[in-house]
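The next block holds one structure in the form of structure tokens; read it before the comments.
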């Protein structure tokens with residue numbers, strides 16, 4: 001059952017521009033951004049049960065000297081092995097969902113919210129939102145942005161992109177597609193158009 005309030009499910013591919021759109025929605029429309037990535041990081045904070053389970057599965061080498069998670073090493077495991085990626089998601093997703101529920105309750109029932117969820121479709125979370133927005137760009141742009149942002153090789157960037165649902169498939173399932181192949185001004189104009197249409 002869909003919630004009564006308007007909840008925008010913002011997604012896309014890795015490095016396609018989700019953060020750019022969420023920052024704009026927050027600054028221009030004063031919308032609260034509930035970010036799955038932030039909740040996922042909280043899930044594996046030092047001392048958490050989920051981090052303990054990760055260390056039990058992969059050994060203490062998965063931890064940095066201060067006891068926190070070595071994200072780079074974990075990434076090299078899960079982006080090369082679908083079974084391990086599914087295991088990790090199964091461990092983290094319930095915590096993330098619970099954080100969305102808790103955070104949502106802190107706002108007025110009429111407050112429009114933005115759920116920024118990279119795996120909105122993959123994790124079958126569309127029932128949490130009232131509409132879906134996908135931020136799209138060309139594959140070569142996505143590769144370039146990801147390699148530059150995360151200091152990754154082409155092979156590592158490709159593995160991360162392939163670990164997500166095909167971007168074209170996400171666009172087909174979306175209520176709105178934001179084309180981020182040109183300038184930021186062009187991207188923001190599309191956001192404005194959707195927001196105006198919604199009244």
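Rule-based calculations on the coordinates, nothing more; no lab input. On a predicted model such as this, the values are computed, not experimentally measured, just so you know. Here the Cβ is made from the backbone with ideal geometry for all residues, glycine too, and neighbour counts use every protein chain on show.
Judged by the mean number of other Cβ atoms found within 10 Å, the most tightly packed of the peptides 105-113, 129-137, 184-192 leads the ranking 129-137, 184-192, 105-113.
Angle of helix 82-104 to the longest C-alpha principal axis of the chain, folded into 0 to 90 degrees and rounded to 10: 50°. Each Cα pair under 8 Å and six or more residues apart adds its separation to the average, and for region 58-163 the resulting relative contact order is 20 percent.
By the count of neighbouring beta-carbon atoms within 10 Å, fewest first, 29, 58 end up ordered 29, 58.
Counting other beta carbons within 10 Å of each residue's own, what order do 76, 22 fall into, fewest first? Each step should come with its number before you reach the end.
On the way: 76 13, 22 21.
So the residues, fewest neighbours to most, are 76, 22.
Considering Cα pairs under 8 angstrom that are at least six residues apart, work out the relative contact order of the chain and quote it in whole percent. Numbers along the way, then the final one.
Numbers: 249 pairs, mean separation 74.8, N = 199.
Result for the chain is 38 percent.
When each of the peptides 87-99, 62-74 is scored by the mean number of other C-beta atoms lying within 10 Å of its residues, the order from highest to lowest reads 87-99, 62-74.
The C-alpha atoms of the chain define a longest principal axis, and helix 139-150 lies at about 60 degrees to it. For the residues 20, 126, 183, a GNM of the chain with alpha-carbon springs under 10 Å puts the largest fluctuation on 183. Relative to the longest principal axis of the Cα atoms of the chain, the long axis of helix 49-58 makes an angle of roughly 50 degrees.
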